[in-house]
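Asker: Could you have a look at this structure, given as C-alpha cells, before my questions?
Read-outs throughout are calculated quantities, based only on the coordinates presented, and are distinct from any laboratory measurement. Computed from a predicted structure; not experimentally measured. So basically every Cβ, Gly included, is an ideal-geometry build from the backbone, and we count neighbours across all protein chains shown.
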Amino acid sequence: MYKQYYQHFLQARPELLHCAPHSHYYWPDVTRAAHLAYWDDSARFADEKWSYLFSEKIPRLQQCIAGELNLAQPEQIVFAPNTHEFVYRILSVFPAGKPLKILTTDGEFHSFNRQSRRLEERGNIDITRVPCEPFDTFAERWQEAVSASHWDLIFISQVFYNSGVVAPSPQVWLDAVATPETVIVVDGYHGFCALPTDWSAYADRVFYLAGGYKYAQGGEGMCFAVVPTDCQLRPEYTGWFADFAGLAKAQVGPVAYANDGMRFAGATMDFSAAYRMMAVFELWQQEGLNTAARNAYINHLQAGFLQHIASLKHPLLHERNRLHANDANAQHGHFFTYRLDNAEQVSALAAQLRERGVATDYRHDRLRFGFALYHDVNDYRTKIIL
Ligand SMILES: Cc1ncc(COP(=O)(O)O)c(C=O)c1O
C-alpha cells in the first residue's frame with residue numbers, strides 16, 4: 001500500500017523482506033533529493049552554511065518535531081549525531097566526583113546501559129535497575145522505586161528496545177519524584193514517529209531523546225533532545241554550538257550557554273540527515289499520513305503477522321515466547337520480540353529466516369520482527385514459511 005514511497009531501497013534488494021525497520025528503517029525515495037540538496041547548499045553557502053542552517057533549516061525541523069510532540073517551544077529542541085552524545089552530556093551536568101544515585105530499568109539500550117555501567121566503575125555511582133519483567137507489575141514497581149529515594153537522575157525508555165513493551169508514561173509516575181533537582185530523561189527512540197506522542201505536559205520537566213534512523217526514516221546522523229523549558233543546567237561536556245549566539249563575545253570567564261535547548265548542543269556535525277528527515281516530514285504532510293495513520297497501518301500488519309505465525313504452529317514462534325503486556329488494551333511498539341531458550345536457538349532461527357529471504361535481528365536470546373510501511377500482510381504469508 002505504501003511501497004511506492006520506498007522504491008529505491010526495495011529495488012536494491014528485491015528478494016528480501018526487511019523485518020528490521022525497528023533497527024534501521026528504509027529511507028523513502030524523497031530523501032535522495034534531500035541528501036543531494038545538502039550538497040548543493042554546501043556549495044552555495046560554503047562557510048556561511050552554519051548561519052543558513054541555524055536560521056532556516058534547523059528552525060523548520062524543530063517545528064516539525066515540535067508539531068509531532070505537540071510542543072509549544074521548538075527552540076527547546078537540540079540536535080546531535082546520536083543519542084549517546086546526549087546521554088553523556090546530561091551525565092556531565094553533575095560535578096565530577098559527586099556521588100550519584102541513578103534510577104533506571106534493566107531494559108535500556110546500550111548507549112545508556114554501557115555508559116552507566118562503565119561509570120559505576122568509579123565507585124561512587126549507585127544505580128538501581130528496576131526489572132522490566134513481569135511487565136504487568138512494572139508500572140507499580142517503577143512508581144515505588146521513583147518515590148523511594150532522592151534520585152539525581154531517572155532514566156527510562158518510552159518503549160523498551162528489547163521487548164517492544166511500552167513503559168508507563170511520566171503521567172503515571174512524575175508526581176512521585178521527590179526532588180525538584182532530579183534530572184529526568186525518557187529515551188523515546190522507539191516511540192518517536194511510531195506511536196502518537198504528546199509531550200506537552202512534560203516539556204518543562206523531562207528530557208526527551210529520540211532520533212532519525214528508525215521510524216522518522218531519515219537515516220543516521222540526526223538525533224535530538226527536548227530540553228526542559230528554563231533549564232539552567234551547565235553540561236561539562238560542551239561544544240561551541242552551545243553558545244552559538246555568543247561566539248563573537250570575548251571567550252573569557254565562566255562558560256556561557258544558550259538559554260534554550262542549544263545549551264545541550266555539541267559541535268560541528270553533518271546536517272545532511274536533517275535534510276532527509278525534513279523531506280520525510282514533508283512527505284507525510286503532503287500525503288496526510290500522520291503518525292496515528294501510520295501506527296494504525298502497523299497495527300494492521302501486526303495482527304496479520306500474528307495470524308500467519310499462529311497458522312505455522314511453529315515450536316518456537318508462538319505466543320508464549322512473545323514478549324508483551326497481558327493487558328489487551330496496552331499499546332505495543334512497532335516490533336515483536338520472541339525470547340527463546342538460548343542465543344544459539346535464536347541465531348539458528350534468524351539464519352533460517354534469512355535463507356528464506358527474511359531479515360530480522362536478534363540480541364542474545366531474543367529475536368525481533370519489525371513492521372514497516374513497506375510491508376503488506378501478504379509478504380508474511382509468502383515469505384515467512386518455516
Ligand atoms: C531505545 C534506543 N535508544 C537509542 C538508540 C540509538 O542510540 P544511539 O543514537 O546512541 O546510537 C537505539 C537504537 O537501537 C534504541 O533502541
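Asker: Convert 37 °C to kelvin, take the viscosity as 0.692 mPa s, use the Kirkwood radius over C-alpha pairs of the stretch 297-375 as Rh, and evaluate the Stokes-Einstein diffusion coefficient in µm²/s, rounded to a whole number.
Answerer: Details: Rh = 13.2 Å.
Using the Kirkwood radius from Cα pairs, D works out to 249 µm²/s.
Asker: Multiply the residue separation of E344 and N290 by 0.36 nm, subtract the distance between their alpha-carbon atoms, and state the gained length in nm to one decimal. Each step should come with its number before you reach the end.
Answerer: Details: separation 54, 0.36 × 54 = 19.44 nm, distance 3.97 nm.
Taking E344 through N290 to full extension adds about 15.5 nm, to one decimal.
Asker: With a 10 Å radius around each residue's Cβ, average the other Cβ atoms per peptide and rank 330-337, 95-102, highest first. Let's see the in-between values first.
Answerer: Values: 330-337: 21.8, 95-102: 12.4.
The densest-packed peptide leads the list: 330-337, 95-102.
Asker: How large is the Kirkwood hydrodynamic radius of the stretch 168-235, in angstrom, based on all distinct alpha carbon pairs?
Answerer: Every distinct Cα pair counted, the radius reaches 13.1 Å.
Asker: So what are the ³J(HN,Hα) numbers for the stretch 20-34, from phi and the Karplus equation (6.51, -1.76, 1.60; θ = phi - 60°), rounded to whole Hz, Gly and Pro as x?
Answerer: Couplings: 10, x, 5, 8, 7, 5, 4, 8, x, 4, 4, 6, 5, 5, 5 Hz.
Asker: Report relative contact order for the chain in percent, whole number only (criteria: Cα-Cα under 8 Å, sequence separation at least 6).
Answerer: Details: 679 pairs, mean separation 92.3, N = 386.
This gives 24 percent for the chain.
Asker: Name the shape class, rounded, prolate or oblate, that the alpha-carbon gyration tensor gives for the chain, where a ≥ b ≥ c are the square roots of its eigenvalues, rounded holds for a/c under 1.5, and otherwise prolate holds if a/b is larger than b/c and oblate otherwise.
Answerer: Numbers: a/c = 2.00, a/b = 1.23, b/c = 1.62.
Because a/c hits 1.5 or more and a/b fails to exceed b/c, the chain counts as oblate.
Asker: What fraction of the DSSP beta bridges in the chain is antiparallel, stated in percent and rounded to the nearest 5?
Answerer: Details: 19 of 38 bridges.
Around 50 percent of the beta bridges assigned by DSSP in the chain are antiparallel ones.
Asker: Moving on to the next point. What nm value, rounded to one decimal, do you get for the distance between H24 and R118 when each label is placed 7 Å out toward the C-beta?
Answerer: With each label point 7 Å from Cα toward Cβ, the separation is 2.1 nm.
Asker: Compute the distance in nm between two label points, each set 7 Å from the Cα along the Cα-to-Cβ direction, one at V172 and one at D40.
Answerer: 4.8 nm
Asker: Oh, and also: Between T137 and T268, what is 0.36 nm times their sequence separation minus the Cα-Cα distance? Round to one decimal in nm.
Answerer: 42.8 nm
Asker: Also: Considering only C-alpha atoms, what is the centroid distance from the stretch 319-386 to the stretch 18-52, in Å?
Answerer: The stretch 319-386 and the stretch 18-52 have Cα centres separated by 30 Å.
Asker: Shifting gears a bit: Rounded, prolate or oblate for the stretch 1-110? Axes are the square roots of the Cα gyration tensor eigenvalues, ordered a ≥ b ≥ c, and the cut-off for rounded is a/c under 1.5.
Answerer: Details: a/c = 2.19, a/b = 1.27, b/c = 1.72.
The shape class here is oblate.
Asker: Rounded to the nearest 0.05, what FRET efficiency is calculated for S147 and D204 with R0 set to 25 Å and r the Cβ-Cβ distance? Each step should come with its number before you reach the end.
Answerer: Working: r = 21 Å, r/R0 = 0.82.
Efficiency for this residue pair is about 0.75.
Asker: I'd like the FRET efficiency for A330 and Y237, computed as 1/(1 + (r/R0)^6) with the beta carbon distance as r and R0 of 35 Å, rounded to 0.05.
Answerer: According to the calculation, E is roughly 0.45.
Asker: Rounded to the nearest 20 debye, what is the charge dipole size of the chain about its Cα centre when +1 sits on each Lys and Arg Cβ and -1 on each Asp and Glu Cβ?
Answerer: It comes to approximately 760 debye.
Asker: Continuing with this model, one more query. Taking the chain as a Gaussian network, where each spring joins two C-alpha atoms under 10 Å apart, which residue of M278, M269, M222 fluctuates the most?
Answerer: Top of the fluctuation ranking is M269.
Asker: Taking the simple approach of a point 7 Å from Cα along Cα-to-Cβ for both H110 and K49, what is their distance in nm?
Answerer: Going from the H110 label point to the K49 one covers 2.9 nm.
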